[in-house]
Ligand code: BGC
Ligand code: ZN
């Protein structure tokens, strides 16, 4: 069967290749779930892997099958599988466990090991192929009523985790009543984080460079957030106008902005960093000033990566609530479909060259 792969370490190596077809018995103890791939989303991580800035092939292979945002349909299940059945729509988590205590309790998203295993990213093949098999533990059912949001479930799980971690961490304050949120970046994570924060009742300001009118602004406003173009209003100006935020979710992909965000967080606030920056950017920061105000304001910074099964389930629940609250808004993120695995070059071109592509995804097969 066909697969879209790269040669990690060689820039621009994306290609189509033949790989062996899986069987449900490839996973031991009747725990296998054989899945037909319907759609796969791609994001900046896939671009960085193709640029050879990130990612590694599985041991013994010199190629890595790309793709970590999958939407598929169950073809067959092993004898011990009960939570999904044939024909169910499903997605899969991305990380696979290592050996640490966190990995052993189903929290490989917070593994304490340096090495991590991620399908389509690091040391494990991904989903940009026709069929794959996985352990039932990593397969998450997607309700049929959310079928139209397909590949957004994985990025949603990352947004759900980031915000859940922030709220968990803020239990340190005994009472925390966040009112105002800034979301930096209006890509998929920024807009999905906007949704999650709106559903929690916060007043949300979503910031991105692009001036209005634009799709990002329409989506943010469709979620009843305020869209702010940083070409017109800087982060500092916004904080002066509306007040400092209680929570900031940084999702611009720009490490300079991640540090700039430290200047505007309110007392007792929490800043969550979610950008994966594979480059070598250097920025100067007002370190005395930041250090002073972070100490005096009891502020907190968290990094958040990946998501485990529970975050996928939280993300799915919020997507359902989002559809009921803001019908038809989230699907507007699904901007750029690519027809079939054969069009891998177009997939990569859209990722690299199309600044307005909020979500590029491959239609691999029909349901
Ligand atoms: C993926 C995450 C992954 C992260 C780091 C992101 O693009 O969505 O699942 O943990 O990259 O590799
Ligand atoms: Zn991703």
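The values are calculated or read from the model by the stated rules, or taken from the named source; none is laboratory data. Source: prediction; values computed, not measured. FYI the Cβ positions are ideal-geometry reconstructions off the backbone, even for glycines, and counts take in every protein chain you see.
Pick from the range 66-84 the residues that are away from ligand 1 (no atom under 16 Å from the Cβ) and surrounded by 22 or more Cβ atoms within 10 Å (Cβ to Cβ): which of them is nearest to residue 337 (Cα to Cα)? Of everything passing the filter in the range 66-84, 72 is nearest to residue 337 (Cα to Cα). Suppose the filter is surrounded by 14 or more Cβ atoms within 10 Å (Cβ to Cβ), under 28 Å from residue 352 (Cα atoms) and at pLDDT below 95; does residue 48 pass it? The answer is yes for residue 48.
The listed residues are 163, 189, 121, and the only one of them that is closer than 14 Å to residue 248 by Cα, within 16 Å of ligand 2 (Cβ to nearest atom) and either at pLDDT 95 or above or out of contact with any helix residue (DSSP H, G or I) (no Cβ under 6 Å at 6 or more places or on another chain) (or both) turns out to be 189. Regarding residue 199, is this residue under 20 Å from residue 330 (Cβ atoms) and away from ligand 1 (no atom under 16 Å from the Cβ)? Considered against the rule, which asks whether it is under 20 Å from residue 330 (Cβ atoms) and away from ligand 1 (no atom under 16 Å from the Cβ), residue 199 comes out as yes. Total residues in the range 254-293 satisfying the condition of being at pLDDT 95 or above, surrounded by fewer than 21 Cβ atoms within 10 Å (Cβ to Cβ) and within 16 Å of ligand 2 (Cβ to nearest atom): the figure is 1. Just to be sure before I move on: is residue 130 away from ligand 2 (no atom under 16 Å from the Cβ) and within 27 Å of residue 249 (Cβ to Cβ) in the structure I sent? Answer is no for this residue.
Considering (1) within 16 Å of ligand 2 (Cβ to nearest atom); (2) at negative phi, the lone condition that residue 145 does not fulfil carries the number (1). Filtered by the rule that a residue be closer than 17 Å to residue 336 by Cα and either touching a helix residue (DSSP H, G or I) at 6+ places or on another chain (Cβ under 9 Å) or within 10 Å of ligand 1 (Cβ to nearest atom) (or both), the range 142-153 gives 148, 149, 152, 153. Considering the range 1-57, the qualifying strands (runs of 3 or more DSSP E), each wholly inside and each with 1 or more residues that are within 16 Å of ligand 1 (Cβ to nearest atom) and closer than 19 Å to residue 362 by Cα, run over 2-6, 32-42. Does residue 193 count as more than 16 Å from ligand 1 (Cβ to nearest atom) and touching a strand residue (DSSP E or B) at 6+ places or on another chain (Cβ under 9 Å)? When the stated conditions are applied, residue 193 does not pass them.
The residues listed here are 210, 244; of these, the one that is in a loop (DSSP other than H, G, I, E, B) and within 21 Å of residue 44 (Cα to Cα) is 210. Can you pull out every residue in the range 58-72 that is assigned to a loop (DSSP other than H, G, I, E, B) and within 14 Å of ligand 2 (Cβ to nearest atom)? Residues satisfying the conditions are 66, 67, 68.
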